[in-house]
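This report concerns only the one structure given below.
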Amino acid sequence: MKSSREIRRSFLDFFAKKDHAVVRSAPVIPAEDPTLLFTNAGMNQFKDVFLDKGSRPYRRAVDTQKCIRASGKHNDLEDVGRDTYHHTFFEMLGNWSFGDYYKKEAIVWAWELLTGVWKLPKERLYATVYKDDQESLDIWKAETDIDPSHVMKFGEEDNFWEMGETGPCGPCSEIHIDLTPDLSGKELVNAGNHRVIELWNLVFIQYDRKMDGSLDPLPKKHVDTGMGFERITAVLQGKHSNYDSDIFSPLFEAITGITGVTYKASLDDDRDIAMRVIADHARTLTFAITDGAVPSNEGRGYVLRRILRRAVRYARKLDWHQPMLYRLAGVIAGTMGEVFPELRKQQETVEKIIRSEEESFLVTLDRGIEIFGEITTALKASGAKVVQGEDAFRLYDTYGFPLDLTRLMASEEGLRVDEEGFEACMLEQKERARKDRREKQQIAGDEGEWLWLDDQAPSDFVGYETLACDARVIGVKQAGGKLQLVLDRTPFYAESGGQTGDKGSIEGERHRVEVVDTQKDGDVIIHVIGRVLDRRNGEEIDPSGIDFKRPVPVNASVDRDSREATERNHTATHLLHAALRKVLGEHVQQKGSLVGPERLRFDFSHFEKVTARELEAVEAEVNERIRETAELVKHVDVPYEEALEKGALAFFGDKYADRVRVVEVPGVSVELCGGTHVSNVGKIGLFKIVSESSIASGIRRIEAITGRAAEELLWGEYQELQQVRQLLKTGAEESLASRVQELLEERKALEKEVQDMRLSLLLDQALNRMDQAETVNGCRIFVMKQDDAGADTLRSLGQFLREKIGRGVGLLAGEENGKVTLVGFAGDEAISECGINAGELVKKAASKVQGGGGGKPGLATAGGRNPAGIPDAIKVFEEAVREKLQ
C-alpha cells in the first residue's frame, strides 16, 4: 500500500518527467485577490494567465494546492463528518498547460497515471465528456484502452466549466471510479452517490463567454486539471472513506490520546462524527492561520471563528470541556510540514491563536448551551418546531453561537431555525449601527441646502504637492449659524482612510475664515468653517452676513504645523504595521486607524495582549527605521495589479479602485494609501507607544505619539523622575525602582502592624461585650457593629471569636468605603447541640444590605451595597437565631 506521501510525490514526479514545472502551493489566503475569501481551487493562482493579464516563465505546471471550501458557492461545511468524503480543507493535485498541450495529452497522461502507474482497475473507471465535445469523446475511444461503453456524455451542469458569468470557460472531462462490489455503478455516474465518485476533472479552457451569452474561441487554449488528494489516497489505499486513510489516522490517534475516545469509523455514531469534524476543522484552522488569517467577526476571519466554535461544540460529544484543537496543530505540522514547511515555521503562533480562541468561546459555551436547552424545552412543551429568529440572534449576539451552530443543535433536537427572522435581527442591528455612525459623522450645518455659484464638479485636490493655492468658492451652505464652503481646487486633505481632515484658513478680498475641519461627500471636498473675520479690522462677524452671488476668488492655506504633525503620525503607522508583523507575526493585519496631529491610533488583529517586551521590540524597530532616514517612494495612479506586484498589502473586504496610490518605505513597507506622508522617515524624529489595549475579541489597539509630542512626553517624564529622586534623596547611580520597592515594603509592614494593633483592640472590645451577651436556652447571641472595618478585619475577628464563644452564635457587621461585610460564626457546641448554621443565618441577614453570600455552619461571610440596612440585618439575624433556639 502506498503512503499518502508517496502518492503525492508520484503525482508530481509523473508530470515533472513530462516537462512540467513543479510549482509551490499558493497560500490559502489569496492576498493577490481580495475578492476571494479562500483559495478554493488549484487554478486560483493562475487566474491572471487564463484572463490574459499575466504570464509565467513556464508553459506547463504541476502542484498540490492547499484549498478551503467553507463559504459561499463552494461550501462543504454542513456535510463534514457525516459522510466519507467532504472536507473544508483539502489538497488539490493538478497539472496545467498554458497555451501548450491540449486535450489529447491531458487525457492520455491522466489515463497513463491512473492505470499504468497507479494500477487502478480499468473496468472500474468511467470518463464523462461534454455533450457537444466530440473531440474529447474521440480521443478517449481512440487514444486510450478504456471500455468505449464507459465514456458518457453529460450536459453543461456536469461537464462545462466557467470561471464566472463571463470570461474564460470550456468543456471538461471527468474520470470516475465505480466502487460497487459487483461493478454495477454505471447508472450512478454523476449521480452524487458515494459508491461512484469523481477522481479527476480535466478542464479544457477554449472559449470566452460574452455578456450576451455567446462563446468566442480563445486565441490560446489552456488545460486546467484537478484531483482531490484525500480522495485518490483513500482509493489507492483500498479505503471506503477518505477519513480511513493515513492522512487522518495520526489526527484520530491524537484525539484518542487527549480524550480517551477511540475512533471506530462509523457513519452513524455521534462520537465518530465528532472526531471527523474535529480532525477536518483542525486542518482548516491550522493551514489558514499559518497563511495569515486570524479568527475575527468579519470576512474570512468569521468563517474561521465559526469553524472553530463548531469544532469546540463537537468536542462535547466526546465529553471534552477543555481546549483541544490547538494541540492538533503540532500533529498537522509534523505529518505535513515536509511538503508545506510554513506549518512548522508558524506552529507556535498557530497554537497560541487557536488556544486563545478556544478559551474565549469556552467561557460562554456552557451558558449558551443552557439557554438553548431552555428554548428547546419550552418549544417541545408547546408543540412548536421552530427556534425563533430572535432566540437564534440572542445566542449569536450574547453567547457567540454562529447561526450554523444553532442550526446544527436544533436539527439534533428535531427542530429548525427561523433563519429569515435571524437575518431580520441582523439587519436591524446593522441599521442601528449605521444610524449611529451617520449621526457621529454628520457635519454640523448639514441641515441646510447647497448654493452652487458655478457648475458642481469634483474638487481638484492639490494637497500632495502644496499647502497653499489660489482657488474659487463655488459652493456655499449656510444653516444654523454654520458655514461650509466648496472650492474648485484645494490643498486641504479631507478626512478619509483614518487620517483626520486638515485645518487652516481661506482668505478672500474682504474676509478671512478659519477652516476647523475638512470632510468629503463623494468627489466634493467640504471645508467646515469656524470663525469668520473681517480682514479690515480683524473682528469676528456673523457668517450669514456674507452675500455669495458668484464664484469668489480666494487663497486657501493649510496649517503647516498641524499637517506636518499628521504626516509624521501617518507614516509612523506604516512603520508600526511593518514592525508588528515582524515582531508578532504575519497574521497581523490593520483593522482600523486614526491619524491626527496629536497622536496616532492603530487597531490590528492579534490573539493576545502584546507583552511589555514585545512592545519594546516594536518601538525599537520603528525608531531604528526612522534613524535610517529613508526617502519615501510614492507611486501615484498605479494599476491595482502592478501595486500588488510591488508587494503592496491588500486585505479581503477592502475596496480598491482599478488605479491606486502606493506609499513605499524601501525595504520596510509597501501599502495602498491615499493619505499624506513625510518625504523622509527621518522627519518623524521619534516614535513612542503610550498605550496598548483590547477593543474586541482578537483585535488590539496601540496609541502612540511622534516628533515633538514624543520629545515633550519623555522630557516631562525625565523631569518628574528627577523630582522623585530629590524627594527620596536617591543619587543617579542608585536604583530608583529598588528604593521605591523598599519604601513600599516598609509601608506594607507598618500597615500590617497597625492592622494587628487594631485587631487586638477590637478583640478586647468583643470579648468584653461577649460576657454581657443575651442568652436564650443556654446559647449566647452576640452581635457587634464596627464602623470602618473591612472584610479581612471582620473575618479574622470572627475566626478568633468562634473559638471563644463555645455554646453561642455571633454576627459582626461593618462598612468600609460603602461596602458592607457581615461575618457570622457559631461555636461547635451551638452547631451540634442547638442546630445553629451560621451560613444560613448570614444569608438571611444579607438580604437587608442588598447583598448575598454564605458559607459553612461555623463561619460565613456575606457582602452588601447598602450600609443603611445594617441595623435591619442585625435584627433579622437575632430573630432568626431566637426562632431556631425556641
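The values are calculated or read from the model by the stated rules, or taken from the named source; none is laboratory data. Source: prediction; values computed, not measured. Don't worry about glycine lacking a Cβ; one is built from the backbone with ideal geometry, like all the others, and counts go over all protein chains shown. Just the protein is used for accessible areas: all its heavy atoms, side chains included, with ligands, DNA and RNA removed. Shrake-Rupley method; radii C 1.70, N 1.55, O 1.52, S 1.80 Å.
Taking strands (runs of 3 or more DSSP E) that fall entirely within the range 447-536, which contain at least 2 residues that are among the aliphatic types (A, V, I, L, M) and either modelled with pLDDT under 95 or open to solvent by less than 10 Å² (accessible area, probe 1.4 Å) (or both)?
468-479, 482-487, 511-521, 524-534
Quick one: Glu253 ticks every box in (1) open to solvent by 50 Å² or more (accessible area, probe 1.4 Å); (2) more than 19 Å from Glu351 (Cα to Cα) except a single one, so which number is it?
Only one criterion is unmet by Glu253, namely (2).
If we keep just the residues of the range 847-860 that are hydrophobic (A, V, I, L, M, F, W, C) and at pLDDT 90 or above, which is farthest from the chain's Cα centre (by Cα)?
Leu859
If I ask for residues that are modelled with pLDDT of 90 or more, surrounded by fewer than 24 Cβ atoms within 10 Å (Cβ to Cβ) and touching a Ser or Thr at 6+ places or on another chain (Cβ under 7 Å), which ones from the range 278-318 would you list?
Passing the criteria: Arg305, Leu318.
I'm trying to understand the selection: among the residues of the range 781-793, which are touching a residue at least 40 places away in the same chain (Cβ under 8 Å) and open to solvent by 80 Å² or more (accessible area, probe 1.4 Å)?
Passing the criteria: only Lys785.
For (1) within 28 Å of His240 (Cβ to Cβ); (2) modelled with pLDDT under 95, each residue gets a yes or a no:
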| position | (1), (2) |
| --- | --- |
| Ala26 | no, yes |
| Thr39 | no, yes |
| Asp48 | no, yes |
| Lys53 | no, yes |
| Pro57 | no, yes |
| His74 | yes, yes |
| His87 | yes, yes |
| Gly94 | yes, no |
| Leu113 | yes, no |
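Does any residue in the range 583-598 that is under 20 Å from Ala612 (Cα atoms) come within less than 8 Å, Cβ to Cβ, of a residue that is open to solvent by 20 Å² or more (accessible area, probe 1.4 Å) and among the small types (Gly, Ala, Ser) six or more places away or on a different chain, and which pairs are these?
Close Cβ pairs (under 8 Å, with a partner that is open to solvent by 20 Å² or more (accessible area, probe 1.4 Å) and among the small types (Gly, Ala, Ser)) amount to Val583/Ala617.
So, in the range 343-398, how many residues would count as being in contact with a Cys (Cβ under 9 Å, 6 or more places away or on another chain) and either surrounded by fewer than 16 Cβ atoms within 10 Å (Cβ to Cβ) or within 26 Å of Thr286 (Cβ to Cβ) (or both)?
3
Of everything in the range 140-166 that's farther than 29 Å from Gly238 by Cα and touching a strand residue (DSSP E or B) at 6+ places or on another chain (Cβ under 6 Å), which residue is least open to solvent (accessible area, probe 1.4 Å)?
If we take residues in the range 140-166 being farther than 29 Å from Gly238 by Cα and touching a strand residue (DSSP E or B) at 6+ places or on another chain (Cβ under 6 Å), then Phe160 is least open to solvent (accessible area, probe 1.4 Å).
Identify, by number, the condition in (1) on the phi < 0 side of the Ramachandran plot; (2) open to solvent by 50 Å² or more (accessible area, probe 1.4 Å); (3) more than 47 Å from the chain's Cα centre (by Cα) that Arg739 doesn't meet.
(3)
Might you let me know whether the range 239-246 holds any residue that is more than 32 Å from the chain's Cα centre (by Cα), open to solvent by 30 Å² or more (accessible area, probe 1.4 Å) and free of Cβ contacts under 8 Å to residues at least 12 places away in the same chain?
Yes, the range 239-246 has at least one match.
Could you check the range 539-564 and list, in sequence order, the residues that are open to solvent by 90 Å² or more (accessible area, probe 1.4 Å), under 22 Å from Asp502 (Cβ atoms) and either of a type in the set (Phe, Trp, Tyr) or touching a residue at least 12 places away in the same chain (Cβ under 8 Å) (or both)?
Pro553, Arg560, Asp561
Can you tell me how many residues within the range 8-62 are touching a strand residue (DSSP E or B) at 6+ places or on another chain (Cβ under 8 Å), of a type in the set (Val, Ile, Thr) and in a loop (DSSP other than H, G, I, E, B)?
Residues in the range 8-62 being touching a strand residue (DSSP E or B) at 6+ places or on another chain (Cβ under 8 Å), of a type in the set (Val, Ile, Thr) and in a loop (DSSP other than H, G, I, E, B): 3 in total.
Yes or no: Glu608 under 23 Å from the mean Cα position of the chain (by Cα), in a helix (DSSP H, G or I) and surrounded by fewer than 19 Cβ atoms within 10 Å (Cβ to Cβ)?
No.
If you go through the range 565-578 one residue at a time, do you hit one that is closer than 30 Å to Lys477 by Cα and either surrounded by 23 or more Cβ atoms within 10 Å (Cβ to Cβ) or hydroxyl-bearing (Ser, Thr, Tyr) (or both)?
Yes.
Could you count how many residues in the range 794-838 are open to solvent by less than 10 Å² (accessible area, probe 1.4 Å) and part of a helix (DSSP H, G or I)?
7
What's the number of the only condition in (1) assigned to a helix (DSSP H, G or I); (2) under 21 Å from Ser697 (Cα atoms); (3) open to solvent by less than 30 Å² (accessible area, probe 1.4 Å) that Ile258 fails to meet?
(2)
Restricted to the range 59-72, and to residues that are touching a Lys or Arg at 6+ places or on another chain (Cβ under 8 Å) and modelled with pLDDT of 90 or more, which residue is most open to solvent (accessible area, probe 1.4 Å)?
Arg60
Take the residues of the range 401-437 that are under 23 Å from Gly373 (Cα atoms) and polar (S, T, N, Q): which is nearest to the chain's Cα centre (by Cα)?
Within the range 401-437, the match that is nearest to the chain's Cα centre (by Cα) is Thr406.
Find all pairs meeting these conditions: Cβ atoms under 6 angstrom apart; at least six residues apart or on different chains; first residue within the range 871-886 and closer than 16 Å to Gly778 by Cα; second residue loosely packed, with under 14 Cβ neighbours inside 10 Å and of a type outside the set (Lys, Arg).
Taking only residues 6 or more apart or on different chains, the pairs are Leu885/Asn777.
Rundown of residues vs (1) assigned to a helix (DSSP H, G or I); (2) within 30 Å of Arg535 (Cα to Cα); (3) within 24 Å of the chain's Cα centre (by Cα), yes/no style:
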{"site": "Lys549", "(1), (2), (3)": "no, yes, no"}
{"site": "Pro553", "(1), (2), (3)": "no, yes, no"}
{"site": "Glu564", "(1), (2), (3)": "yes, yes, no"}
{"site": "Arg581", "(1), (2), (3)": "yes, no, yes"}
{"site": "Glu586", "(1), (2), (3)": "no, no, yes"}
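Matching residues to (1) in contact with a strand residue (DSSP E or B) (Cβ under 8 Å, 6 or more places away or on another chain); (2) more than 28 Å from Arg627 (Cβ to Cβ); (3) acidic (Asp, Glu); (4) open to solvent by less than 30 Å² (accessible area, probe 1.4 Å):
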| site | (1), (2), (3), (4) |
| --- | --- |
| Gly674 | yes, no, no, no |
| Ile689 | yes, no, no, yes |
| Glu692 | yes, no, yes, yes |
| Ile699 | yes, yes, no, yes |
| Ile705 | yes, no, no, yes |
| Leu714 | yes, no, no, no |
| Tyr718 | no, no, no, no |
| Ala732 | no, no, no, no |
